[in-house]
Amino acid sequence: MAAQSKIKASELIGPDDDAVELAKRHLVQPWPYAGSVGNEARALIGEGDGIYITDATGKRLIDGPAGMWCINVGHRREELARVMYDQAMALSYNTPWYTMNAPSAELARRIADAAPGDLSHTFFTTGGSSAVETALRFMQFHNNVRGRPEKKLILSRGGAYHGSTYLSASLNGRPRDRDWMDGADELVVKLSSPDPFRRPKEMSIAAFTDFLVDQFRDTVARVGAERIGAFVGEPVQASGGVVVPPDGYLKRIREICRENDILYVSDEVVTGFGRLGHVFASGDVFGIDPDMITFAKGVTSGYFPLGGVIISERLLEELRRSNHPDALFGHGLTYTSHPIGCAVALKNLDLLEEGVLAHTREIAPYFQARLKTLEELPLVGEVRGVGLMACVECVADRESKDALQLDKDVGKRIDAHCHELGLLVRPLINMCVMSPPLIITKEQVDDMVAILREGISRTMDDLRKEGVWRG
C-alpha cells in the first residue's frame, strides 16, 4: 500500500492531455450548459494528499471545498484505502433484497448511537440525493399505511439544495437549479430562506426570526396540516451560501412540526460527520431531534459513494402497529448497504471519533475569525459560517447589498486568481464557499486566507479596470 500511494495519476489513466480530449469527446459533466454539453473539459485533478490536491500542471492547491464538502479526514488516508481493499477481498457485494452483510449492521448501530432523539434505524443509499428521495418516499408510505393519502405536501425553503433526483431536486430553492428543469411542483410549498444577511434593512434579527416562524405557522394553517407530510431543511444551507439560521429558529420550526404531525427531515448531507465538529449537528449544535436525518458525503469522507436516512423509532413502531402488516415499502437500491462503503464508513467514523472531531471543534473559531478579516475588503459584503464551513459573499456595495450589479461570474474570477496562487475555492455566482478538510492546521488556515485575500484583491482590480465596479 505504501508503494501504491506514490503511483501518479498519469500512470493509472494515461497522459493528462489524453484525459482532456477524451472528456471533450465522451464525458458529460454535471451541471453543463447547453452550448457546451458533451464538449467540455474541466480542471483536471491528478492527485490528493492531506488538505492538498495537484492539478494537471503539477500545481499544488489547498482543497478549499474538500472535494464537495466531503473529504473530511483528508486525501490519501491509507487506513481507508486498506479497508476498501480488505473488504473487497472478503466480500465485494451482496444483494440487499434477500441477504445482508455485517459492516452495514455495525454501521447502523454506530449511527444510532450518535444520532439525537429516538433516531434508531438507518436505510443506506448511494448518496445525498437518494437519501432525501428515500426520506420523502418513506413519508409517503408512512401516511398511506396510516390511512392519510392526502398528507403528502412537502415544505422547503428558498436557497435550499436537496439533490438532483426528480423529487429531491423539486425541493431546491435556488433559481438557477430549476430555470430549465422540471419538478414535482404540485408537491412542494416554498418558504423564505432563513438568511439574516438578506433580511429587510430595518428588521432586527429577532424580528426576522419571528417573521420566519410566523410565515411557517401561517403556511401550515393556510395549506392545512392534514395535507402537509414533511418539512425538509438543512441545518445550515450549504450550497445556498452557507446560510446559518438565527438562534432558536430551528427549534421553533421543530415545535410547529411536532404540533401538526408534520415530519421534520433534517438534511445533514453536508453538516453531518464532522463538518460542525460533531457526527450530527441537529442535536449537538442546534438542539433539535428530527424525525429523520439524511446524510452522505462525509460519512466515508468521499472515499466511497454512500448515504442514508436515519428514521425515528416512533415512525417504525407506528407502521408495525398498523392494520396493514402486509403493506410493502417498495423502495430499494442495488447498492443499498454496500459492504465496501459501510466498511469504509466504519473506519472513517473511527478516525473522526479518535481526534478529528475534537480538532474541528478546536480550530473552527480560528478558521471563522481569520476569514472574518476579509470583510475589510470593500468587495466583501459578509463573511459567515459555522464549524469548518464558511461563505464570502461579494456585493456591489454594502448599503444596498446588491450583487446583481457585479459580474455574475465574480466568484469564478476569484477562484481563477486563487487557483493561480495555490487555492481551490467553490465559486457560487457572487460567493466563494470554503469547507476545507477537517484536518487543516492553523498555519494552513493562514495560508488559505492570505491567498483568498489576494484573489479577491486582484478581482477588485479587474472589476475596476473594466468599469464594472467602482468600489
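Things worth noting here:
- Share of pairwise Cα separations in the chain, more than 33 Å, in percent: 38 percent
- Selected from PRO103, TRP31, ALA114, residue furthest toward positive end of dipole (the chain; charges at beta carbon): TRP31
- Annotation: extensible slack from HIS324 through ASN94 equals 79.9 nm (criterion: 0.36 nm per residue apart, minus Cα-Cα distance).
- Here the residues MET84, MET292, ranked from fewest to most Cβ neighbours within 10 Å of their Cβ, fall in the order MET84, MET292.
- Ranking of SER120, SER170 by count of other Cβ atoms within 10 Å, fewest first: SER120, SER170
- Computed over the stretch 89-227, Cα set: Rg, Dmax in Å: 19.0, 63
- Taking a ≥ b ≥ c as the square roots of the eigenvalues of the Cα gyration tensor, an a/c ratio of 1.5 or more together with a/b no larger than b/c marks the stretch 112-188 as oblate.
- Environment charge of VAL395, counting only residues whose C-beta is closer than 10 Å and scoring Lys/Arg +1, Asp/Glu -1: -3
- Low-density loop positions, chymotrypsin sites (Phe, Trp or Tyr not before Pro), the stretch 28-84 - DSSP coil, at most 11 other Cβ in 10 Å: TYR33
- Most simply put, the chain has about 65% antiparallel DSSP beta bridges, counting only bridges with both residues inside it.
- Total charge dipole magnitude, the chain, about the Cα centre, Cβ charges on Lys, Arg, Asp, Glu only, Debye to nearest 20: 460 debye
- The coefficient of translational diffusion for the stretch 378-469, derived via Stokes-Einstein from the alpha carbon Kirkwood radius under 37 °C and 0.692 mPa s, stands at 246 µm²/s.
- Size descriptors for the stretch 80-350 (Cα atoms only): Rg and Dmax, in that order, 18.5, 63 Å.
- Summing charges over all other residues whose Cβ lies under 14 Å from the Cβ of MET203, with Lys and Arg as +1 and Asp and Glu as -1, gives 0.
- Net charge of neighbours whose Cβ lies under 14 Å from the Cβ of ASP185, counting Lys and Arg as +1 and Asp and Glu as -1: -1
- With neighbours defined as other Cβ atoms within 10 Å of a residue's Cβ, the residues ASP326, ASP415 order from fewest to most as ASP326, ASP415.
- Within straight-line cross-link reach of LYS151, lysines at Cα separation under 18 Å, skipping those fewer than 8 residues along the same chain: LYS190
- Each stretch of four or more DSSP H residues adds -39500 (n - 2.57); spread over every residue of the chain, this sum gives -11500 deg cm²/dmol at 222 nm.
A short reminder: the numbers here are calculations on the coordinates, not readings from a lab. What you see is a predicted model; the values in this text were computed from it and never measured. Please note: Cβ atoms are built from the backbone with ideal geometry, for glycine as well, and neighbour counts cover all protein chains shown.
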